[in-house]
Amino acid sequence: MNTLNPTAGTSAVTETPRWRELLEQAIEDGETKQDIANRLLVSRTMVSLALADKYPSRIDAFAKRVIDAYDGFTCPHLCNRVTALDCKEYALRAAPTSSARDARHWRACQACNLMPQNVRKPVQEARQ
């Protein structure tokens, strides 16, 4: 072991952030940087800088957008994969009145334990 540099000769293992994995997967799936930017409502330059690890400021807000748009779960009512953003948009919309199918989905969504926590509170306050 090198006494001047205790980490010399060892390999540091760094874990890839989830947001980056999601972006890379989107690109592998055929989305362009412009497609991703449009979905995230950001510039293509911002997507490029983030992927090149050259983003000039904190990446937290950008990472949250990526996770909201691309990370998901299986909706127990639909039995399909949905993003947290799709779940939030559906949960916060007004109760549908023109379709029995949509009404059943909306009611199931309101009681779902997978509803994102940041959505559950506004929905509960709106009911009071």
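All of the numbers you see were taken from the coordinates with simple rules; none came from a lab. Since this is a predicted model, take the numbers as computed values, not measurements. In this analysis, Cβ positions are derived from the backbone assuming ideal geometry, glycine residues included, and neighbour counts consider all displayed protein chains.
What to note about this one:
- Cβ-to-Cβ counts within 10 Å put Phe62, Phe73 in ascending order as Phe73, Phe62, the fewest first.
- q = 0.17 Å⁻¹, segment 16-70: log10 I(q)/I(0) [Debye, one scatterer per Cα]: -0.43
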